[in-house]
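Have a look at the structure below before the remarks.
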Amino acid sequence: MKKFLSLLLAMVMVLALVACGGNSGGAQPPAGNNGDAQKPADNSEPAAPADPMADLVAAAQAEGELVVYGSCEEEYLAAACEKFKSLYGINVTYQRLSTGEVQAKIEEENGNPSADVWFGGTTDPYNVVAGEGLLEAYEAQNAAHLLGSQYRDADGYWYGIYKGILGFMVNKDELARMNLEAPQDWQDLLKPEYQGLIWLSNYNTAGTAKLVINTMIQKYGHDEGIQYLVDLDKNIEVYTKSGSGPSKNVGTGECVIGIGFLHDGITQIVDNGYENIELVIPSSGTSFEIGATAIFKGAAHPNAAKLWVEFALSPDCVEIADDNGSYQFLVIDNAQQPSQAADFGLDPENVMDYDFEDAKNNITTYIEEVMTALGGGDDRFQTE
C-alpha cells in the first residue's frame, strides 16, 4: 500500500511540473518578440515593392508642364495632348510641324530644345536627329506591347505608335473626264498622259517624301532609283510642304493623282465625304512608314517626357486616333485596330522588305543627291 501511495505521489508531482513549467518546444522567444520574425512589430504586412510608374507619374506631375511637337495630323495631336492632360493633370502645349520642320528646328537648337517630345511622323527624320545626338534614349515599360522589334529603335531613341502604307490616291471623276485609267504601279506614274496631274510632298520638309526616296532606291537600286525620281518630276505639278498635302487636294480635283499614305486618303473619304477618291496599292510592292514618338535631348521636362512615351504606347493614346481622323494600323498588342483600314482593303503585311538601316544611315545623302539631280528645285517645292 505504501508503495502504491509513493508511486501515486510521484506521478502527481510530475504532472504538476509539466503544468507549471510548461514549454515543451524549447527556449522562449526574446522579450519584445511576438514569435513571428517575418512580421513587423506592429503586425502590419510587409511593404509592397515600389511602383516605378507611380514614381514616374509623381515626378512628371511635379514638373507640371510638357511641350509637344507633333507631325501627325493636328486633330489627332490635339486630342492626344488633351487626353494626356486629363489623365495626369499636366499642362500640355503643342505645335503641329512637318517632320522636316521639326528636324530643322531641333538641329538649330542643338541640345537646347524648345519642346520636350516629338509625336507622329515617319521615322526617317527621327533617325537623322538620333544620329546627331539630339534625341534622348529611354527604355519604356510599355514597349513590351510592341508587335515587333522593327517598331522601335534598338537603343530606345524612338518608339513606333502606328504604321502607314505608301500608295496613290486618285480622283476617279477627273480621270474619267480625261478618259484616263488610274495608275496601278510606280512605273505607270511616268506615263506622259499624267503630266501635270501628280502631287508629291517636298523631299526637304516631309518625311513622306523621304520615304519615297528610300523606297525607289531600295526598289530599283541607287542610280536607277534617283533617275526614276528625275523622270517622275516631269509629271509632278506641286511638291507640298507636308506629306498629307496631296491627299487634301485629291477630292476637290485640284490634285488628280496624289502620292502619300493611304490612311490620309481614308480620312478624306470617311471624314470629308470625298467618295470620288480611289486608293491604289502599287502592284509591284510598296513600303510603309512607322509613325513614332521620341524625347528630345535636353528636354526641360524630362519626367513628363518619359511619361508621354509610356502614354503614347498605350491604348489610352492610340485608340483615340480613329475618332480624330487618323486611320493608321496600330503597332501595340493591347490596342484595338481601326476597322476603316481593313474596310478599304489595306493589308499591313502587304509591303516590301524595307531596309531601315540603309534609310537611317543614308537618307541625308540621298536627299542631297536627288535635289542636285533635279537642279536644286523650283517654286513647285512648297515650304509654307
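The values are calculated or read from the model by the stated rules, or taken from the named source; none is laboratory data. These numbers come from a predicted model, not from an experiment. Virtual Cβ from ideal backbone geometry, glycine too; neighbours counted across all protein chains shown. Accessible surface areas use protein heavy atoms only, side chains included; no ligands, DNA or RNA. Shrake-Rupley method; radii C 1.70, N 1.55, O 1.52, S 1.80 Å.
Over the chain, calculate the relative contact order: mean separation of alpha carbon pairs under 8 Å at least 6 apart, over the residue count, as a percent. Write out the running numbers ahead of the final one.
Numbers: 677 pairs, mean separation 92.3, N = 384.
The value is 24 percent.
Just name one of Q103, L77, G156: the one whose Cα is farthest towards the positive end of the charge dipole of the chain (beta-carbon charges, Lys/Arg +1, Asp/Glu -1).
G156
Cross-link candidates for K219: which lysines have Cα within less than 23 Å, leaving aside residues fewer than 8 places away along the same chain?
Cα-Cα hits under 23 Å: K163, K191, K210, K234, K360.
Rg over Rh of the chain, using C-alpha atoms and the Kirkwood radius, what does it come to?
That ratio is 1.35, to two decimals.
At 37 °C and 0.692 mPa s, grab the translational diffusion coefficient of the stretch 248-384 from Stokes-Einstein with a Kirkwood Rh over Cα pairs, rounded to a whole number in µm² per second. Please report the intermediate quantities before stating the final value.
Values: Rh = 18.1 Å.
Translational diffusion coefficient: 181 µm²/s.
Hey, what angle do you get for helix 52-63 against the long axis of the chain, alpha-carbon based, 0 to 90 degrees rounded to 10?
60
Taking the highest mean first, how do the peptides 73-80, 95-102, 175-182 order by number of other beta carbon atoms within 10 angstrom per residue? Show your work: numbers first, answer last.
On the way: 73-80: 19.8, 95-102: 23.5, 175-182: 13.4.
Descending mean neighbour count gives 95-102, 73-80, 175-182.
Going 7 Å from the Cα of V351 along its beta-carbon direction, which residues of the stretch 308-337 have the amide nitrogen within less than 19 Å of the resulting point?
Counting backbone N atoms under 19 Å from the label point, the list is 313-314, 318-319, 321-322, 326-337.
Using θ = phi - 60° and the Karplus curve 6.51 cos²θ - 1.76 cosθ + 1.60, what whole-Hz ³J(HN,Hα) does each residue of the stretch 195-206 get, with Gly and Pro shown as x?
Working through the residues one at a time gives 4, x, 9, 9, 10, 9, 8, 6, 4, 7, 10, 10 Hz.
What do the square roots of 5 times the Cα gyration tensor eigenvalues come to for the stretch 299-348, in whole Å, largest first, as semi-axes of the equivalent ellipsoid? It would help to have the intermediate numbers written out before the result.
On the way: eigenvalues 142, 21, 15 Å².
In descending order, the three semi-axes are 27, 10, 9 Å.
For the stretch 287-322 and the stretch 194-229, what is the centre-to-centre distance using only Cα atoms, to the nearest Å?
28
Expressed as an acute angle from 0 to 90° and rounded to the nearest 10, what is the orientation of the C-alpha long axis of helix 356-373 relative to the principal long axis of the chain?
Roughly 20 degrees between the two axes.
If you count only protein heavy atoms with a 1.4 Å probe, what accessible area per residue comes out for the chain, rounded to a whole Å²? All intermediate terms of the calculation are to be shown ahead of the outcome.
Working: 17740 Å² over 384 residues.
Result: 46 Å² of accessible area for each residue.
Please work out, to two decimal places, the log10 of the ratio I(q)/I(0) at q = 0.12 Å⁻¹ from a Debye calculation in which every Cα of the stretch 38-168 carries one identical scatterer.
Normalising to I(0) and taking log10 leaves -0.57.
By DSSP, what percent of the beta bridges with both residues in the chain are antiparallel, rounded to the nearest 5?
On the way: 25 of 41 bridges.
Of all bridge pairs located within the chain, approximately 60 percent are antiparallel.
Let me check the size of the stretch 278-329 from its C-alpha atoms; what are the radius of gyration and Dmax in Å?
In order Rg, Dmax, the Cα atoms of the stretch 278-329 give 15.7, 47 Å.
Compute the helix-to-body angle for 302-312: its Cα long axis versus the longest principal axis of the chain, expressed 0 to 90° and rounded to tens.
So the inclination is approximately 80 degrees.
Take the solvent-accessible surface of the protein heavy atoms, probe 1.4 Å, and return the percent of it on the stretch 175-279 that carbon and sulfur atoms account for.
Here it works out to 42 percent.
So for the stretch 72-194, averaging the separation of alpha carbon pairs under 8 Å that are six or more residues apart and normalising by length, what relative contact order in percent results? Could you put the intermediate results ahead of the total?
Values: 64 pairs, mean separation 18.6, N = 123.
This gives 15 percent for the stretch 72-194.
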